[in-house]
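Report on one structure; see the data block that follows.
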Amino acid sequence: MSHPKTREERIAHLKEEVKKRVLILDGAMGTMIQRYKLGEADYRGERFKDHGSDVKGNNELISLVQPDILRDIHLQYYRAGADIAETNTFGATRIAQADYHMEDLAYEMNVASARIAREAADICEKEEPGRVCYVAGVLGPTNRTASISPDVNDPGFRNVDFDKLYVAYQEATRGLIEGGADIILVETIFDTLNAKAALYAVEDVFEQDGIELPIMISGTITDMSGRLLSGQTPEAFWNSVRHVEPFSIGLNCALGAKEMRQHIDTLSRVTDTLVSAHPNAGLPNEMGEYDESPEQMSRLVGEFVSSGLVNVLGGCCGTTPDHIRAIAQAAKGGKPREVPQIERRMRLSGLEPFAAD
């Protein structure tokens, strides 16, 4: 295949390339932004200098006020060996941006973030002729949960519902597509109902707008219980979203590679699609920081590759370009997981998976 020039050609290339090797996803965005030690004025820029509420910490705003910083972060990850860059859109929905009174910027944030990631990808492709870099448009979980009440005294209360999530995710998806994303990544899923709203929105956008991109899905096991926050085991979670026929299913965040390994093993055995993993750089210390070195982490995730568990590998909280460089080296030459043939049965899910005889 000649070097892909269009999004459709990149997607076709992606689907062929993942058969040959383990693809590398980038690392943490927040960790990298923190390195720039930005203050309130840096987040505001000239455009938002008179905004009525504090915006420091609104990392999605970086795409609008500090695009050069965001482009540089993507370039560092691509140059470290990442094949796929995640857009800086984890909280770029109307729901999440309400905390900063910036709901009306959600669409623009998604467009700008995807466009900046694509610019970085194009730069790296010119630096290394023949290389293809992909952009994954991120849909984060929002800061609300449709399955659980935030009020312990009112178990039936919800501060968001499926329809509101659906509308917010539709808007974000369209922004990511306009900005040039090659993939839609629904990630850090702690509530399966939120994820189902996102997936429903994405599929509707594809149908309504006459476009279809690969969908990556990544849940998060929130603690040592081995379950999502909303209660599902990894296999039950897969049963809940498998109807989308995603490009990949996987896990990210909350756990380090050591703690995540058993859950990736489970997904590898029960899923008939690609498997991804992007764990944290270990578990946080008492200061909330991540101490696992690139060498330590690469040894752990390198075993994921040698055991045939994964097709896509990257990093989450605490990971840096140095971590991704070490992970890429550990995965180099390793065989990607072979997608198994799974027995055809009716498979349902509550908190636990159920397969009919």
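The values are calculated or read from the model by the stated rules, or taken from the named source; none is laboratory data. Remember, predicted model here, so these are calculated numbers, not experimental data. Note that each Cβ is placed from the backbone with ideal geometry, even for glycine, and that neighbours are counted across all protein chains shown.
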Check your understanding: Does at least one position in the stretch 298-318 carry a residue that is among the aromatic types (Phe, Trp, Tyr) and at pLDDT 95 or above?
Key -> yes
Review point. Exactly one of (1) in a helix (DSSP H, G or I); (2) free of Cβ contacts under 8 Å to residues at least 60 places away in the same chain; (3) within 21 Å of Thr89 (Cβ to Cβ) is unmet by Met260. Its number?
Key: (3)
Check your understanding: Could we say that Val132 is of a type outside the set (Ser, Thr, Tyr), surrounded by fewer than 19 Cβ atoms within 10 Å (Cβ to Cβ) and in contact with a Pro (Cβ under 7 Å, 6 or more places away or on another chain) here?
Key -> yes
Review point. Given the conditions (1) over 24 Å from Cys316 (Cβ atoms); (2) out of contact with any helix residue (DSSP H, G or I) (no Cβ under 8 Å at 6 or more places or on another chain); (3) of a type outside the set (Phe, Trp, Tyr); (4) part of a helix (DSSP H, G or I), which single one is not true for Gly130?
Key: (4)
Point to revise | Any hit, the stretch 118-125, residues being crowded, with 24+ Cβ neighbours inside 10 Å and closer than 20 Å to Gln34 by Cβ | key: no
Study note, to complete from the structure: Only one of Gly250, Gly226, Gly219 is in contact with a Pro (Cβ under 8 Å, 6 or more places away or on another chain) and crowded, with 23+ Cβ neighbours inside 10 Å, namely Gly219
Exercise for review: Considering only residues that are surrounded by 12 or more Cβ atoms within 10 Å (Cβ to Cβ) and closer than 30 Å to Gln329 by Cβ, look in the stretch 36-60 and name the one that is nearest to the chain's Cα centre (by Cα).
Suggested key: Asn59
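To keep it simple, each residue is scored yes or no on (1) assigned to a helix (DSSP H, G or I); (2) modelled with pLDDT under 95; (3) closer than 20 Å to Thr6 by Cβ; (4) in contact with a strand residue (DSSP E or B) (Cβ under 6 Å, 6 or more places away or on another chain).
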residue: Ala136; (1), (2), (3), (4): no, no, yes, yes
residue: Pro141; (1), (2), (3), (4): no, no, no, yes
residue: Asp151; (1), (2), (3), (4): no, yes, no, no
residue: Pro155; (1), (2), (3), (4): no, yes, no, no
residue: Glu171; (1), (2), (3), (4): yes, no, no, no
residue: Thr188; (1), (2), (3), (4): no, no, no, yes
residue: Glu212; (1), (2), (3), (4): no, no, yes, no
residue: Ala236; (1), (2), (3), (4): yes, no, no, yes
Check your understanding: Could you list, in sequence order, the residues of the stretch 207-216 that are surrounded by fewer than 16 Cβ atoms within 10 Å (Cβ to Cβ) and either in contact (Cβ under 8 Å) with a residue 12 or more places away in the chain or of a type outside the set (S, T, N, Q) (or both)?
Key -> Glu207, Asp209, Gly210, Ile211, Glu212
Review point. Can you find even one residue in the stretch 278-296 that is at pLDDT 95 or above, surrounded by 24 or more Cβ atoms within 10 Å (Cβ to Cβ) and touching a helix residue (DSSP H, G or I) at 6+ places or on another chain (Cβ under 7 Å)?
Key: yes
**Study point:** Breaking point among (1) touching a residue at least 40 places away in the same chain (Cβ under 8 Å); (2) part of a helix (DSSP H, G or I); (3) surrounded by 19 or more Cβ atoms within 10 Å (Cβ to Cβ), for Ile24
**Key:** (2)
Point to revise | All positions within the stretch 238-247 that are crowded, with 19+ Cβ neighbours inside 10 Å and assigned to a loop (DSSP other than H, G, I, E, B) | key: Pro246, Phe247
